[in-house]
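Asks: Structure provided below as structure tokens; questions to follow.
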Amino acid sequence: MNQEYFAHETAVIDPGCSIAKDVKIWHFSHIMPNAIIGEQCNIGQNVVVSPEVVLGKNVKIQNNVSVYTGVVCEDDVFLGPSMVFTNILNPRSAVIRKDSYQKTWVKKGASIGANATIVCGNTIGAYALIGAGAVVTKEVLNYALVVGNPSKQVGWVSEYGHRLEFNKQGLAVCPETKQQYKLENNNVTRIS
């Protein structure tokens, strides 16, 4: 079989996973059975991708991240160094709860900062930005800027990660791309 991805010699790739072309898997990482990894993903050092995890195209996972069963990351998601996912709300060593894993959905373009924790059963909205060290215990809206422990929303960001300042008409412009955004009923949409 002609392998179309790169895996460092110390990486462990279990049979039964699906790895698309142009993926890079670095030192001491482990891709487990039935994981699905989309094109152009970059999986850093000491990363575990558990069974049935789904990674879209161009997902970047920094060092020391475990992506547990129940997690789905859409295209262009960024997972910062040592950030944490959970998949059980009430874990116990002596109680097997493999049939009770909660789903966590990370939508297109979202970024999760270093050392953040995402408590399972929540959705991280498209292009949301989770600050370093935040502990997310509830849903995060599209384009939301979320920080703290427990996390709270403190603003909105553009698709390029810049803070958006909305005027009285509920309009804002990304300083880098000049894309325009509208805030209406506590939801942000890109309008150009």
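Values in this text are rule-based calculations from the coordinates and carry no lab data. Remember, predicted model here, so these are calculated numbers, not experimental data. Here Cβ is always computed from backbone atoms with ideal geometry, including for glycine, and neighbour counts include all displayed protein chains.
Asks: Only one of the listed values, (i) 1.08; (ii) 1.15; (iii) 1.24, was derived from the coordinates as Cα Rg over 2.2 N^0.38 Å; which label is it?
Replies: Derived directly from the coordinates: (i).
Asks: What FRET efficiency, computed as 1/(1 + (r/R0)^6) with R0 = 41 Å and r the Cβ-Cβ distance, is obtained for Ala94 and Glu9, rounded to the nearest 0.05?
Replies: Rounded to the nearest 0.05, the efficiency is 0.65.
Asks: Which of the listed residues, His30, Asn167, Phe85, is farthest toward the dipole's positive end in the chain, when Lys, Arg count +1 and Asp, Glu count -1 at the beta-carbon?
Replies: Asn167
Asks: Right, next: Please work out the C-alpha center-to-center distance from the range 114-146 to the range 10-86 and express it in whole Å.
Replies: Cα centroid of the range 114-146 versus Cα centroid of the range 10-86: 19 Å apart.
Asks: Return the FRET efficiency for the residue pair Arg190, Ser82: r is the Cβ-Cβ distance, R0 is 35 Å, and the value is rounded to the nearest 0.05.
Replies: Values: r = 31 Å, r/R0 = 0.88.
Computed FRET efficiency for Arg190 and Ser82 comes out at 0.70.
Asks: Report relative contact order for the chain in percent, whole number only (criteria: Cα-Cα under 8 Å, sequence separation at least 6).
Replies: 10
Asks: Another question about this same structure. Roughly how many debye, to the nearest 20, is the charge dipole of the range 81-192 about its Cα centre, given +1 on each Lys and Arg Cβ, -1 on each Asp and Glu Cβ, and no other charges?
Replies: About 200 debye.
Asks: Hey, another quick one. May I ask you to evaluate 6.51 cos²θ - 1.76 cosθ + 1.60, the Karplus curve with θ = phi - 60°, for each residue of the range 109-115 and list the ³J(HN,Hα) values in order in whole Hz, giving x for glycine and proline?
Replies: Each residue of the range 109-115 in turn: x, 5, 10, 10, x, 4, 6 Hz.
Asks: Along the Cα→Cβ direction, 7 angstrom out, place labels at Lys103 and Lys21. What is the inter-label distance in nm?
Replies: Roughly 3.1 nm, to one decimal.
Asks: When we measure straight from the Cα of Lys107, which lysines land under 18 angstrom away, once same-chain ones fewer than 8 places off are left out?
Replies: Lys57, Lys60, Lys138
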